[in-house]
Amino acid sequence: MTSSPPPAPPSPTVTLDPAAAPRAVQAWLDRVRPRIDAELDRRLAVDADDPGRLVEAMRYAVLGPGKRLRPALAIAACEAVGGTLDDALPVAAALELLHAYTLVHDDLPAMDDDDERRGRPTVHVAFGEAIAILAGDGLLTLAFGALADLGPRCAAAVEVLARRAGARWLLRGQAIDLAVQARAAAGDATPPTLDAVEDLHAGKTGALFAAAAELGGIAGGAAADARAALGRYGMAIGVAFQHADDRDDGELGHLAAEAAARMRALCDEATALARGLGGDAATLEALAAWIGGRA
């Protein structure tokens, strides 16, 4: 009977210069984005027959401008637990496909009614509302199909993505947002509390960041405790990231000081979780430092 190998020692504590974090994050994105885009392009190949330009609309939604932050996070998490970029590509693709679906549907007239995203007409403006709905549905379906490439790890990945993208997390966040808009339209000018804002952020942003980190762990073969830690890491940086975006957009000024303090606390929590993984989590630490520095 063979004995189990001793647990890997925790990563050494390294204090990352906050000024270096943005450069490290950009270098990471520059390294992985071409591979992510190539994988998405492959999965969104257009057949000769494309009724209503449906697949063209799906490609338009996915392959335009964007940081690819969520799929890149999945790759960083996979590498942090000993996996490779190639191991992570199915989950990276799934995350960006699902993220794009949420944006297509959020922009619809029945939702946020936006005419432009990332400097271009939104999908329903460019292709029509009916094709935009179908394009979003197609991207969601394709996202779960991508996870089939994980083989025996597919079931765990499907559970995580379905849970985080469903009615208890991501869709709940959109429902909260719609309720807030409805109250504002009815004349309710009560400013939200930080807890209420974080409840919204956890659904609309944190859920997919949490899914990205945990799915990367699954793709890399992480144990259950490491996967759970990665999920908490993703939620922490996702909520902090949305606080930073609110501040940059000049929103919720009455919460600016509280939100900045929360961003720092969340990113400190994320850093501690990354260091506890026992592998090379330098990219995860750099990401937390970059977001924390935006506070």
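Where a number appears in this text, it was derived from the coordinates with a stated rule and is not lab data. Everything numeric in this text was worked out from a predicted model, so none of it was measured. Neighbour counts are summed over all protein chains in view; Cβ atoms, including those assigned to glycine, are modelled from backbone coordinates with ideal geometry.
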**Study point:** Value of [θ]222 nm, deg cm²/dmol, for the chain, DSSP H segments ≥ 4, -39500 (n - 2.57) each, nearest 500
**Key:** -21500 deg cm²/dmol
Practice item. Count the net charge of all other residues whose Cβ sits under 11 Å from the Cβ of residue 26, scoring Lys and Arg as +1 and Asp and Glu as -1. Key: +3
Review point. Considering amide H positions built from the backbone, and no H for Pro or chain starts, which residues 5 or more places from residue 117, or on another chain, come under 5 Å of its amide H?
Key: 122
**Study point:** Residue order, fewest to most beta carbons within 10 Å, for 209, 144, 127
**Key:** 144, 127, 209
Point to revise | Inter-site label distance for residue 194 and residue 225 at 7 Å from Cα along Cβ, in nm | key: 3.1 nm
**Study point:** Prolate/oblate/rounded label for segment 120-212 (Cα gyration tensor, a/c 1.5)
**Key:** oblate
Practice item. Pick out, in residue order, every one of the trypsin sites (Lys or Arg not before Pro) in segment 104-183 that is DSSP loop and has at most 10 other C-beta atoms within 10 Å; say none if there are none. Key: 118
Check your understanding: Expressed as a whole number of Å, what is the distance separating the alpha-carbon centroids of segment 250-295 and segment 21-61?
Key -> 28 Å
Exercise for review: Please identify the helices of the chain, taking whole runs of DSSP H, that span at least 15 Å along their own axis as judged from the Cα atoms and have a mean Kyte-Doolittle score of 1.6 or higher.
Suggested key: 207-219
Check your understanding: What's the extension gain from residue 163 to residue 149 if we count 0.36 nm per residue and subtract their Cα-Cα distance?
Key -> 3.1 nm
Point to revise | Amide N of segment 210-254 lying under 14 Å from the label point, which is placed 7 angstrom from the Cα of residue 84 along Cα→Cβ | key: 220-221
Check your understanding: Along its principal axes, what span do the Cα atoms of segment 21-293 show, with the longest given first and each in whole Å?
Key -> 51, 50, 33
Review point. Say R0 is 51 Å: what FRET efficiency, to the nearest 0.05, do residue 179 and residue 48 get from their beta-carbon distance?
Key: 0.70
